[in-house]
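Notes to accompany the following structure.
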Number of protein chains: 2
Amino acid sequence: MTSERDLLETIRRAFPESAATLGIGDDAAILELAAPGVYTKDVLVEEVDFFADADPRLLAEKCLAVNLSDLGAMGARPVAFLLSLAMPERFLPSFDAFVGSLADAARRHRVSLIGGDLSRSAQLTICVTAIGEAPPRPLLRSAARPGDRLFVSRPLGGASAGFELLKRGWRLDDSRSAVAPDPARASFEQRAFAQSALLQHLTPEPEIALGRTLASLESVHACLDVSDGLSTDLARLCEASGCGAIVDWERVPPLPGLATVGAGLVNADAAVLDGGEEFALLFTADARESELSTAAGRPVYAIGRMTKEPAILLERAGSRAPLPSRGFDHFASADATAL
Amino acid sequence: MTSERDLLETIRRAFPESAATLGIGDDAAILELAAPGVYTKDVLVEEVDFFADADPRLLAEKCLAVNLSDLGAMGARPVAFLLSLAMPERFLPSFDAFVGSLADAARRHRVSLIGGDLSRSAQLTICVTAIGEAPPRPLLRSAARPGDRLFVSRPLGGASAGFELLKRGWRLDDSRSAVAPDPARASFEQRAFAQSALLQHLTPEPEIALGRTLASLESVHACLDVSDGLSTDLARLCEASGCGAIVDWERVPPLPGLATVGAGLVNADAAVLDGGEEFALLFTADARESELSTAAGRPVYAIGRMTKEPAILLERAGSRAPLPSRGFDHFASADATAL
């Protein structure tokens, strides 16, 4: 029998240090920031955002990552987070692994757990609020200008492919290698592709360092993270900025292997254009790809440009056609949407 | 068919003003505080914290109130909040009423909704993160001193009684009057008592103004809010402060009518000593009841005193006996616990 006191003690032991003046254990936490605060909150719900048999360690990383990604998209420095965990009885045996992994991820991203609460629920529901410090010039979605180049921070399509692989029985093992449902029949190429796709879906890396670099560059204008798919998030960026965009299909980077090994799994085009949970940054800048890649110390990808006309077009094989937003309507489907 | 866009638009319309530099609509909100931040996060889960047929307007008030109560217990000034709402399809017809009531409550408490997210869930799950500004001297649980008087801010036992009344079919109507399951048989006294008990359970008032006043008084030392019951929260206060307490039963104020009209509903003694969700403030001070009541401009109740010996005793009819913490172990029962 696990008691509440044990659960709280597990949390306290896992998070011995804190950026807070007053951390876990009082009615509320006290935290002083060195800059205006940046706040975001995302909830992950069992059977909506993850499967009931999800590895609790990967789940812990992901619930933090999806929130830190939002901070990264503003160019903020993550500082702290709060956690609400509503758990069914059957999750209790996984609690220690969840908390241990969350503490590892928090340490890696240099954020402190400063509060939250534990409750019961039939469905595991994980809600994180992340707190960061704003840069002098935060990256807003509304700051794109006609003529800007449009960039994406990394190859796309892996999260959708990873989700499909999970549904087909693929898993990551303890060393985070991909295990096929029928190991004898999986090729080396399939396993290599599956690993990168599963990692992208299960433990997406928030673009915090890149976001901070971009916020420091005057040439970078608008930014958001690709949470609901390139086509949908680009539409949000365009709407907020009052402009349009032309995306050059040939330049949009797919996850390596997607068009070949991954083609049997997913519609590769749709995975790249419409797949959610990529947590890549989508941003605009009055700068060249090579300049920004040099400034970032890693590749970023120019995939099109912003236009004065409000239409969003996809240029492919020499012709242009409207790029519809195929992101989920979250209340016609089963996903989450930020306020 | 309700669309996501409609839901977000409902929220935006209901919250036209914001304390934030950047409010709803980007990846994260930006908010500058005039003092160190105070942060708390509480989740309410359907069938754990409220019944599935709960009035969405009362629910909206409560989810904000339970968070603001934590800020009040620190003496903080509430500024803003974030909301995560994981909803089943069947809650969508109640969404507008929920949001409207939340906006009214937010206006009354002068807090801005600055972010959050919407998601699907089988169980309605409401998670709020509240943000406030710390007073120069925040009220901690750990600051009680032996010799302090122990105070409670208002009569106790109403929340438990209200919960029992709900289970027996009592309701509040649209004008917040109590309606009995069998109206013909309910007396005027029963309806009057039921109304105050139901209001205490369904729309507890957070003690924000009182908390701020207490934080301004040097004589006030430790404080927390009674969320899990007087006996449990007093034990937390004593443990954090390294002292004990003697509670004078004759001085602990019960909700008027509890011992008479309410006696058929609940164990009145247990409702007062152990009943959770009161959200009264429990605090210690080197001051008299009359002084603090004058300073607060309303009654507060001296119910005992803090002792050097770590025991927590109840003095009743001339004899003293240990006062056990009968708060729920939240993972042996069905309640929530703060980190």
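The values are calculated or read from the model by the stated rules, or taken from the named source; none is laboratory data. Computed from a predicted model, the values in this text were never measured in an experiment. Cβ sites come from the backbone with ideal geometry, for glycine too, and all protein chains shown count toward neighbours.
When residues in segment B:65-79 are screened for being more than 8 Å from chain A (Cβ to nearest Cβ), in contact with a strand residue (DSSP E or B) (Cβ under 6 Å, 6 or more places away or on another chain) and of a type in the set (A, V, I, L, M, F, W, C), 3 of them pass.
Considering segment B:113-134, and only residues there that are assigned to a strand (DSSP E or B), modelled with pLDDT of 95 or more and small (Gly, Ala, Ser), the residue that is farthest from B:Leu33 (Cα to Cα) turns out to be B:Ala130. Residues in segment A:68-83 that are touching an Asp or Glu at 6+ places or on another chain (Cβ under 6 Å) and in a helix (DSSP H, G or I): A:Ser69, A:Asp70, A:Gly72, A:Ala73, A:Met74.
Give the residues of segment A:178-211 that are of a type outside the set (Gly, Ala, Ser), assigned to a helix (DSSP H, G or I) and under 15 Å from A:Val152 (Cα atoms), sorted by residue number.
Residues satisfying the conditions are A:Ile208, A:Leu210.
Scanning segment B:134-148 for residues that are surrounded by fewer than 20 Cβ atoms within 10 Å (Cβ to Cβ) and either within 19 Å of the chain's Cα centre (by Cα) or away from chain A (no Cβ under 14 Å) (or both) turns up B:Arg145, B:Pro146, B:Gly147. Of the residues making up segment B:149-165, those that are part of a loop (DSSP other than H, G, I, E, B) and either surrounded by 24 or more Cβ atoms within 10 Å (Cβ to Cβ) or not assigned by TED's automatic domain parsing to the domain that holds B:Gly229 (or both) are B:Ser153, B:Gly157. Between B:Ala235, B:Ala184, B:Ala192, B:Ala180, the distinction of being of a type in the set (A, V, I, L, M) and without any contact (Cβ under 8 Å) to a residue 12 or more places away in the chain belongs to B:Ala184 only.
I'd like to know if segment B:84-91 contains one or more residues that are within 17 Å of the chain's Cα centre (by Cα), buried (at least 24 other Cβ atoms within 10 Å of the Cβ) and either touching a residue at least 24 places away in the same chain (Cβ under 8 Å) or assigned to a helix (DSSP H, G or I) (or both). The answer is no, given that none of the residues of segment B:84-91 is within 17 Å of the chain's Cα centre (by Cα), buried (at least 24 other Cβ atoms within 10 Å of the Cβ) and either touching a residue at least 24 places away in the same chain (Cβ under 8 Å) or assigned to a helix (DSSP H, G or I) (or both). Taking residues in segment A:118-129 that are within 7 Å of chain B (Cβ to nearest Cβ) and free of Cβ contacts under 8 Å to residues at least 40 places away in the same chain, and partners anywhere that are part of a strand (DSSP E or B) and surrounded by 24 or more Cβ atoms within 10 Å (Cβ to Cβ), the pairs with Cβ atoms closer than 6 Å and at least 6 places apart or on different chains are A:Ser119/A:Ala86; A:Ser119/B:Val43; A:Ser119/B:Val45; A:Ser121/A:Ala86; A:Ser121/B:Val45.
So, A:Arg107, is that one among the basic types (Lys, Arg), farther than 22 Å from B:Val66 by Cβ, touching an Asp or Glu at 6+ places or on another chain (Cβ under 9 Å) and part of a loop (DSSP other than H, G, I, E, B) or not? So A:Arg107 fails the test.
For the condition facing chain A (nearest Cβ under 10 Å), assigned to a helix (DSSP H, G or I) and either over 23 Å from B:Ala215 (Cα atoms) or of a type outside the set (D, E, K, R) (or both), B:Ser101 does not qualify. Within segment B:292-332, being modelled with pLDDT under 95 and touching a Lys or Arg at 6+ places or on another chain (Cβ under 8 Å) holds for B:Asp329, B:His330, B:Phe331.
Does B:Arg168 satisfy the condition of being under 20 Å from the mean Cα position of the chain (by Cα), among the basic types (Lys, Arg) and away from every other protein chain (no Cβ under 14 Å)?
Working: under 20 Å from the mean Cα position of the chain (by Cα): no; among the basic types (Lys, Arg): yes; away from every other protein chain (no Cβ under 14 Å): yes.
When the stated conditions are applied, B:Arg168 does not pass them.
Restricting segment B:21-43 to residues that are surrounded by 22 or more Cβ atoms within 10 Å (Cβ to Cβ) and among the aliphatic types (A, V, I, L, M), which is farthest from the other protein chains (Cβ to nearest Cβ)? Here the residue is B:Leu22.
Quick test for you: out of B:Ala321, B:Ala285, pick the one residue that is surrounded by fewer than 17 Cβ atoms within 10 Å (Cβ to Cβ), out of contact with any Gly (no Cβ under 6 Å at 6 or more places or on another chain) and among the hydrophobic types (A, V, I, L, M, F, W, C).
Numbers: B:Ala285 fails: surrounded by fewer than 17 Cβ atoms within 10 Å (Cβ to Cβ).
Checking each option against the conditions leaves just B:Ala321.
Among the residues making up segment A:1-48, those that are of a type in the set (Asp, Glu) and within 18 Å of B:Ala240 (Cα to Cα) are A:Glu4, A:Asp6, A:Glu9, A:Asp26, A:Asp27.
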